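The structure under discussion appears below in the form of structure tokens.
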Amino acid sequence: MLRRIAKLVGHPGFRANPIAVIWRGMVWALCVLFKRSPAFALSPGGGLMRVPPDLRYTSVTAYLMRDWAEPELHFLDRVVRRGDVFIDAGANVGLYTLRGAPLVGPAGAVVSIEPGKVAADQLEANLALNPGFKHVRVVRKAASDVPGTAVLHHIQLGDDPQAFSLLSDGRATEGETVEVTTVDALVEQFALPRVDCIKMDVEGAEPLLIAGARSTIERFHPIILFEINTIVLSGSAVEANAAYDALAAHGYKFFSYGPGGRLDPVTTLPEGWGNLVAIHPAGPQPVKAG
């Protein structure tokens, strides 16, 4: 418990608005007690969402921190603009989808990819709270290198069961069979005229997704936000640096998202878990911070 409190106090969202976070924490405790899940705005004037009334990581951070749940949610403001096309691969309950939808507006499009049944059900329920987001297309499939079917493993990361991967870390005991597609196939299916940004959070299967997005990457050079998780990959057949190397081969440069919106160059793959920003010199460029 003390570790959780220390993590909460050190969170950027808490430092940005401690009084609001403390108040939300008290409200959320009552929500968990009485099994109530109120709708809340992820960001001021942004999309509404609900999360399961429990104490798991996804629910707690989303309700308490809102669009500070992950620092890169704020970074979307700099890379997603009106009329853009944003692909959210590994959408889970919709944090990035709901953040991106008002940014691209009705003239743009969001393709929200989530194969996990529980998470996809919650994602669609959240979108139903936002009737103005007709430009969001939900794809209840996994994104990989080739179409077909596969087992989606339920990976236990901490106390959050909503982590799904096409790769097994050797410890997963549960899973579900899902349909598989590719990003290139979706771009063709939806006749997307452009792809400006892709967010990938597929628990170690990023190299497979990149292989299935080869044409899209070579054609549009989108900004790519992707997760690195050497912990999950250590128990799989995929090399920990596979996604990093694949994007580097396409000519991408890498950055970490630092305090104040700073982009710090990254020249070697960091160990552990975190997010990186990949930017191609010939593709869209982020708006300067501030």
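Residues of the range 49-71 being touching a strand residue (DSSP E or B) at 6+ places or on another chain (Cβ under 6 Å) and either surrounded by fewer than 21 Cβ atoms within 10 Å (Cβ to Cβ) or on the phi > 0 side of the Ramachandran plot (or both), which ones? ARG56, TYR57, PRO71, listed by residue number. Filtered by the rule that a residue be at pLDDT 95 or above, outside any loop (DSSP other than H, G, I, E, B) and touching a strand residue (DSSP E or B) at 6+ places or on another chain (Cβ under 8 Å), the range 121-142 gives LEU123, GLU124, ASN126, LEU127, VAL136, ARG137, VAL138, VAL139. Among the residues of the range 252-274, which ones are modelled with pLDDT of 80 or more and surrounded by 14 or more Cβ atoms within 10 Å (Cβ to Cβ)? TYR252, LYS253, PHE254, PHE255, SER256, TYR257, LEU263, VAL266, listed by residue number. In the range 21-33 there is at least one residue matching the filter, namely being modelled with pLDDT of 90 or more, within 25 Å of TYR257 (Cβ to Cβ) and either touching a strand residue (DSSP E or B) at 6+ places or on another chain (Cβ under 7 Å) or among the aliphatic types (A, V, I, L, M) (or both).
Here GLY90, GLY116, GLY46, GLY100 are screened, and the one residue that is touching a strand residue (DSSP E or B) at 6+ places or on another chain (Cβ under 6 Å), at pLDDT below 95 and either surrounded by 23 or more Cβ atoms within 10 Å (Cβ to Cβ) or more than 30 Å from VAL180 (Cβ to Cβ) (or both) is GLY116. Among the residues of the range 74-87, write down those that are surrounded by fewer than 23 Cβ atoms within 10 Å (Cβ to Cβ) and either small (Gly, Ala, Ser) or within 10 Å of the chain's Cα centre (by Cα) (or both). Selection gives GLY83 alone.
Going through (1) basic (Lys, Arg); (2) outside any helix (DSSP H, G or I); (3) in contact (Cβ under 8 Å) with a residue 40 or more places away in the chain one by one, ARG78 falls short only on (2).
The values are calculated or read from the model by the stated rules, or taken from the named source; none is laboratory data. Keep in mind that this is a model prediction, so the values were computed, not measured. Positions of Cβ are backbone-derived with ideal geometry, glycine not excepted, and every protein chain shown enters the neighbour counts.
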